[in-house]
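All remarks here apply to the structure that follows.
The values are calculated or read from the model by the stated rules, or taken from the named source; none is laboratory data. As the structure is a prediction and not an experimental result, all values here were calculated from the model. For neighbour counting, all protein chains shown are included, and Cβ atoms are generated from backbone atoms with ideal geometry for every residue, glycine included. The area values use the complete protein model at the heavy-atom level, side chains included, leaving out ligands, DNA and RNA. Shrake-Rupley method; radii C 1.70, N 1.55, O 1.52, S 1.80 Å.
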Amino acid sequence: MTTQVESPPQRDLAAQPSWWERVNKATVAMLGVTVALFIGFGLASPNFLTFGNMSNLATQVAITLIVAIAMTFVITTGQIDLSVGSTVAFVAAMTAELLQLGLDSSLVIVVGLLAGLFWGSVNGWLSAYQNIPPFIVTLAAMSIIRGFALLWTEGFSVPIDRRLFVAKIGEAEFLGFSALAWIALATTVAGGILLSRMRFGRYVNGIGAQEESVRRAGVNTRRIKMITLMLTGLAAGAAGILTAARLGSGSANAAEGFELTVIAAVVLGGTNLFGGRGTIVGTVIGALITGMIANGLTLMGVSPFLTPIVTGLVLIAAIWINLRGRSLAQLVSHLTARRT
Amino acid sequence: MSHESSGTQVGDGQVVDGRSGDGRSGDGRSGDTLVTLEGITKSFGAVQSLRGVDLRLGTGEVLGLVGDNGAGKSTLMKVLAGAIRHDAGSITVGGRQVRFHSPADARAEHIGIVYQDLALCDTLDVASNLFLGREPRRGPFVDRAEMHRQAAEMLSTLHVRVRSTYQEIGELSGGQRQAVAIARAVSFQPKVLILDEPTAALAVAEVRQVLRMIREVAARGVGVILITHRLQDLFEVCDRITVMYEGRSVDDAAIADLDIETLVGMITRSNTTTEEAA
């Protein structure tokens, strides 16, 4: 009764598919946009493609990228964190206040990172273990955290002594690139390894696709979801310290609207807004695009008030591509496929 | 695997049912008795879903579990898979009475289940789904090459036809997804494999692939319990049929002794009196 069916050769089954088959198609599309923007701004402004401006662009993008890397994990699990801007402001203000109190820079850095981690933990616990949607939790946290920062600083910007170590981080350079850019690069590498090479990254992708399937496989999905929100808290804490270092002051009004820039960078790069598919390379591309638009338009002498409008339009276009990336890719594959 | 980590042994680890382990079912391809369920009851509030179910499964046997909607088939299988705790009755696995408190307890006794929703992740590739939650590692990193090699070996052995272990589950057909889910369950080396409606909503060719897999799994000595509404599938792969009706096991017969009309009559109780059915 048994029907004999020939199975495919084992070595062929495990053979890695081509680069085109493996790559996130939305990311490829956005890479195309990045190249187009480079060429466009390069032609429009002779100063755009200079090493000095590229170094400057890297510094401008760094803080966004650090938080966007962590946000990639959050969005890939199907969650969102709207409180990162407020956490950046809170930690920036706290850094300045604590330095003014005479605390050592190294201690202030540790406390700043722990503060970010604390807010991330609160967000994570409420959403993952108390089942409150992360959109609501982090929306409330956005208001609460900035409220604490305003209460502490009474709305004033708190200066940082430029001789202190924290302030020097904002000015330090290595091989022509700022310390911020190098920190962002290190964060990107760590994020890439965590997402694509470790079990944690697989569970993050799996939870965003079918959480129940991952849970039934014996994975503590609540813990994974909480950790991702702790990561954004930690990254926002680091971003807060670096913001204070770069600006030489801490303000409760810093990083307003920052969460939207970060989310835009993540989604622009091809990470699925509804979870299940995340890409760190894409997030770097997304952060570059958002940074490049601001940088390029400034060099072109365009009104700075036009920047948010252009950024918003690019975001809508990016989400359109994000939602249809796979369909477009399938169309391209269909058109280019060889009959076998 | 230690017995302490699995189901609770009744009577401080004493083997209660001395018949189990050496009993022969005497039906079809079945060998030693793997699992015996006796007098299983389960209520959800005022609703009594299981009213005393008896069931027996032998090594390498494919048992069809049939019954109308609401007969209690899925509830009974959830009890055996540790997803639901039963109220009364006994479960004997390999000669020992056990009581499952969680699916992990059932897994420790080598009882696997493939639910109708398959529990796969669409955006992960085939290999990642097969090893979800137990990925091979090299240091802190997932050993992807080894994972794909093992996945390919697993799929080849079971004649699962997919293009590559790198294919995302979302790209597979219904039959391929079902096959991957069964392969995943088989990779845990179960002694008992429960399949809940594995051929529902599949195309004809895909149904054949899944049924072939069931035969191959049973040929390895795994006892398979197949829940299905497709009666023709039962005649293709099953050795024996247990019929449930309103929370009770009411008939048990070798498939060779049945035809489809008799089976339909057993399921609908159209050939029994009201008193007998009650």
The FRET efficiency for A:PHE174 and A:VAL35, from their Cβ-Cβ distance with R0 = 25 Å and rounded to 0.05, is 0.40
As a test question: what accessible area, to the nearest 10 Å², does A:PHE200 have when a 1.4 Å probe is rolled over all protein chains in place? 30
Summed over the other residues with a beta carbon less than 15 angstrom from that of A:ILE69, with K and R at +1 and D and E at -1, the charge totals -1
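Return the tail of the calculated pair distribution for segment B:114-188, meaning the percent of Cα-Cα pairs more than 20 Å apart. Present the calculation step by step, with values, prior to reporting the outcome.
Details: 584 of 2775 pairs.
So the pairs more than 20 Å apart make up 21 percent of the total in segment B:114-188.
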Full-extension gain between B:ARG220 and B:PHE141, please, as 0.36 nm times their residue separation minus the C-alpha to C-alpha distance. 25.1 nm
Convert each backbone phi in segment B:200-216 into a coupling constant with the Karplus relation 6.51 cos²θ - 1.76 cosθ + 1.60 (shift: θ = phi - 60°), then list the ³J(HN,Hα) values in order as whole Hz, x for Gly and Pro. 5, 6, 10, 6, 4, 4, 5, 4, 5, 5, 5, 5, 5, 4, 4, 5, 5
Between segment B:62-84 and segment A:237-260, what is the separation of their alpha carbon centroids in Å? 58
Scoring segment B:114-188 by relative contact order with C-alpha pairs under 8 Å, at least six apart, yields a percentage of 45
What FRET efficiency, computed as 1/(1 + (r/R0)^6) with R0 = 56 Å and r the Cβ-Cβ distance, is obtained for B:ALA104 and A:GLU256, rounded to the nearest 0.05? 0.70
Summed residue charge, Cβ within 14 Å of A:TRP152's Cβ, Lys/Arg positive, Asp/Glu negative: -1
Between the modelled labels at A:TRP20 and B:ASP252 (7 Å from Cα along Cα→Cβ) the distance in nm is 5.9
Percent relative contact order for segment A:138-254, counting Cα pairs under 8 Å at least six residues apart, stands at 45
Please give the solvent-accessible surface of B:ILE267 in Å², to the nearest 10, using a probe radius of 1.4 Å with every protein chain present. 20
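Based on the Kirkwood radius over alpha-carbon pairs, what value in µm²/s does the Stokes-Einstein equation return for the translational diffusion coefficient of the protein assembly as shown at 4 °C and 1.567 mPa s?
Rounded to a whole number, D works out at 47 µm²/s.
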Which of B:GLN167, B:ALA152, B:ILE182 sits farthest toward the positive end of the charge dipole of segment B:114-188, with +1 on the Cβ of Lys and Arg and -1 on the Cβ of Asp and Glu? B:ALA152
Only Lys, Arg, Asp and Glu count, each charged at its Cβ (+1, +1, -1, -1), so figure out the dipole size of segment A:191-278 about its Cα centre, rounded to 20 debye. 500
Note the full-extension length gain between A:GLU154 and A:LEU49 as 0.36 nm times their separation in residues minus their Cα-Cα distance, in nm to one decimal. 33.6 nm
Kindly report the accessible area of segment B:114-188 per residue (heavy atoms of protein chains, probe 1.4 Å, no ligands, DNA or RNA), in Å². 35
Cα→Cβ-extended label distance, 7 Å offset, between A:ARG223 and A:VAL310, nm: 4.7
Could you pull out every one of the aspartates and glutamates with an alpha carbon less than 13 Å from that of A:LYS25, ignoring same-chain neighbours closer than 8 positions? none
Length gained, B:ASP68-B:THR157, 0.36 nm per residue minus C-alpha separation, equals 28.5 nm
Check every DSSP H run in chain A and write down those whose alpha carbon atoms cover 18 angstrom or more along the long axis and whose mean Kyte-Doolittle hydropathy is 1.0 or greater. A:25-44, A:51-76, A:84-100, A:105-124, A:134-153, A:179-197, A:280-299, A:307-336
Report, ordered by chain and residue number, the aspartates and glutamates lying within cross-link reach of B:LYS73, taken as a straight Cα distance under 13 Å and ignoring same-chain residues fewer than 8 apart. B:ASP54, B:ASP196, B:GLU197, B:GLU246
Note on chain B: contact order normalised by length, alpha-carbon pairs under 8 Å, 6 or more apart, percent, works out to 25
Please report, in cubic angstrom per residue, the volume enclosed by the convex hull of the alpha-carbon atoms of chain B. 142
Between B and A, buried accessible area summed over both sides at probe 1.4 Å, in Å² to the nearest 100? 3300
Mean other chain Cβ within 10 Å across A:178-187 is 0
Which residue, B:VAL264, B:VAL192, B:VAL222, has the most motion in a Gaussian network model of chain B that connects Cα atoms within less than 10 Å? B:VAL264
Taking protein heavy atoms only, a 1.4 Å probe, and rounding to whole percent, the accessible area of the protein assembly as shown owed to carbon and sulfur comes out at 59
Mind checking the dipole of segment A:1-150: about its Cα centre, +1 per Lys or Arg Cβ, -1 per Asp or Glu Cβ, Debye to the nearest 20? 160
Leaving out ligands, DNA and RNA but keeping every protein chain, what accessible area does A:TRP182 have, in Å² rounded to the nearest 10, with a 1.4 Å probe? 90
Intensity falloff of chain A expressed as log10 I(q)/I(0), Debye formula with alpha-carbon point scatterers, at q = 0.11, 0.13, 0.15 Å⁻¹: -0.75, -1.01, -1.28
Quick one: which bits of segment B:209-258 get at least 50 Å² less accessible when the partner protein chains are in, versus the chain alone, with a 1.4 Å probe? B:ARG212, B:ARG215
Just to verify a number: FRET efficiency for A:ILE136 and B:VAL204, C-beta to C-beta distance, R0 = 45 Å, to 0.05? 0.40
Listed residues A:LEU231, A:LEU65 arranged by accessible area, highest first, probe 1.4 Å: A:LEU231, A:LEU65
Quick one: net charge of A:ALA254's neighbours, Cβ under 12 Å, K/R +1, D/E -1? +1
Can you give the mean number of other chain Cβ atoms that lie within 10 Å of the Cβ atoms in peptide A:13-21? 6
Please determine, in degrees from 0 to 90 and to the nearest 10, the orientation of helix B:174-187 with respect to the longest principal axis defined by the Cα atoms of chain B, where the helix direction is its Cα long axis. 90
Charges only on Cβ, +1 for Lys and Arg, -1 for Asp and Glu: so what's the dipole of the protein assembly as shown about the Cα centre, in debye to the nearest 20? 1460
So how far apart, in nm, are the two label points at B:GLN189 and B:GLU261 if each is 7 Å from Cα heading toward Cβ? 4.9
